[in-house]
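Reading through the structure tokens given below for one structure.
The values are calculated or read from the model by the stated rules, or taken from the named source; none is laboratory data. Predicted, not measured: the structure shown is a model, and the values here were computed from it. Note that we place each Cβ from the backbone using ideal geometry, even for glycine, and neighbour counts take in every protein chain shown.
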Amino acid sequence: MDRIKKSIVSNRFVRLIEENHQEIIEHFMNDVSRNKKTIAYRNMDPHDLYEIGSRVYRELSKWIEKGLPKEEVKEYYRKLGKIRHSEGIPFSQFFQALVLLKRHMWLFIKRQLENEMTDYKQAIEVSDRVVLFFDRAAYYMLTGYEEEIGKKW
């Protein structure tokens with residue numbers, strides 16, 4: 001029974017992200033384009049920025065449902081780290097953009113589920129999956145970025 005409850009909470013969370021990803025990404029894009037900590041992103045094509053956010057949320061949905069292998073997360077985010085390096089985006093701004101993606105998703109989810117989620121343990125379990133996804137994404141982006149720096153040494 002506990003597994004069924006976890007699945008229901010996970011499915012609800014995934015459905016909220018999938019059905020509302022455009023709204024979440026728009027908030028992210030507005031923030032990243034105005035935030036002093038992500039000034040390098042102001043020159044990025046808005047379509048590209050949107051696609052990055054959209055892909056992150058699609059992959060996050062798969063990760064929560066345990067359908068995205070760790071190796072796929074590793075390869076994509078290492079590649080993304082290399083791309084951001086080649087674009088000249090500073091390390092700290094690159095990381096801050098990922099933080100903002102996570103933050104805007106959580107702000108949206110919090111508003112949607114504020115009065116509905118009563119089982120604290122289930123909420124924490126979903127949260128753990130999300131945190132693990134973003135932590136891995138950050139780690140692999142940074143390793144890809146460092147690999148590009150290393151090529152110049």
Where a residue in segment 123-134 is among the charged types (D, E, K, R) and its partner, wherever it lies, is modelled with pLDDT of 75 or more and surrounded by 15 or more Cβ atoms within 10 Å (Cβ to Cβ), with Cβ under 7 Å and at least six apart: Arg129/Trp63; Arg129/Ile64
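Here's the yes/no breakdown for (1) surrounded by 19 or more Cβ atoms within 10 Å (Cβ to Cβ); (2) part of a helix (DSSP H, G or I); (3) in contact (Cβ under 8 Å) with a residue 24 or more places away in the chain; (4) not hydrophobic (A, V, I, L, M, F, W, C):
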| position | (1), (2), (3), (4) |
| --- | --- |
| Phe13 | yes, yes, yes, no |
| Ile24 | yes, yes, yes, no |
| Val32 | yes, yes, yes, no |
| Thr38 | yes, yes, yes, yes |
| Leu49 | no, yes, no, no |
| Gly53 | yes, yes, yes, yes |
| Gly67 | no, no, no, yes |
| Lys74 | no, yes, yes, yes |
| Ser92 | no, yes, yes, yes |
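In segment 34-56, which residues are among the small types (Gly, Ala, Ser) and out of contact with any Pro (no Cβ under 8 Å at 6 or more places or on another chain)?
Going residue by residue through segment 34-56, those that are among the small types (Gly, Ala, Ser) are 40, 53-54.
Result: Gly53, Ser54.
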Within segment 26-51, track down each residue that is among the aromatic types (Phe, Trp, Tyr) and under 18 Å from Pro90 (Cβ atoms). Tyr41
Taking into account only those residues within segment 114-153 that are part of a loop (DSSP other than H, G, I, E, B) and surrounded by fewer than 12 Cβ atoms within 10 Å (Cβ to Cβ), which is modelled with the lowest pLDDT? Trp153
